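Bear in mind these aren't lab numbers, they're just calculated from the coordinates by the rules spelled out. Computed from a predicted model, the values in this text were never measured in an experiment. Neighbour counts run over all protein chains shown; Cβ positions are idealised from the backbone, glycine included.
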Ligand SMILES: C[S@@+](CC[C@H](N)C(=O)[O-])C[C@H]1O[C@@H](n2cnc3c(N)ncnc32)[C@H](O)[C@@H]1O
């Protein structure tokens, strides 16, 4: 199976050095699992990029996975004043709050009603306006957006609980097929689209994007616990 690996996030088999680094990274992450289980066992109050967040049980834990932090940092450095901003899969709302703080007009969507409720509550807690829509991808969304940001689930399993949707993208990556097919209707020619993935992700995700006319280009990357997290820019060549 091809995966994204290394500083250039090429899809392919890892070199021996990369494979060793990935094994060490896997061990470090396995060591963190009891803490992750504990963190997810109760409602938590936390901060990401200066955003205060209440994260109920059943909602993606933004502090524990580096994608949220890297995307928050990336979004915090964009010029968003007056721009329309869509977050696909908002979870607790950290990224949407950062965008709203930068004075974007933010629409946040999620398939999980618990995530939508958490985003509404966290928008109020941070004093920013966010339109939150419960929606299976774009089912309840209309219009185009200047910026769209996606922190997707990326494991090849069918989701069966609300929380599973944060991690499982379907046994045949149905999430990505639908995402890349439906996304163009919500973009204009100058839209910026950012998608986060972690090193080790199945390279089929990039293939599905390509079939739908998108290329993944590295916008930012960050190594934590010997594993890269990437923010890709989706471009239509
Ligand atoms: C990896 S989590 C990221 C959450 C949040 N963006 C963050 O960084 O903290 C993925 C989110 O996508 C949502 N999601 C999964 N499938 C979805 C779908 N078909 N439509 C809308 N949201 C979906 C999940 O419920 C989850 O909240």
Can you work out the FRET efficiency for the pair residue 188 and residue 46, with r the C-beta to C-beta distance and R0 = 41 Å, to the nearest 0.05?
0.70
From the helices alone, meaning DSSP H stretches of at least four residues, give me the mean residue ellipticity at 222 nm for the chain, per-run term -39500 (n - 2.57), in deg cm²/dmol to the nearest 500.
-9500 deg cm²/dmol
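Rounded to a whole number of µm²/s, how large is the Stokes-Einstein D of the range 3-235 at 37 °C and 0.692 mPa s, given Rh as the Kirkwood radius over C-alpha pairs?
The Stokes-Einstein estimate is 184 µm²/s.
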Taking 0.36 nm per residue of sequence separation and subtracting the Cα-Cα distance, how much length would be gained by fully extending the chain between residue 162 and residue 36, in nm to one decimal?
43.6 nm
With the 8 Å Cα cutoff and a minimum separation of six or more residues, the chain has a relative contact order in percent of 20
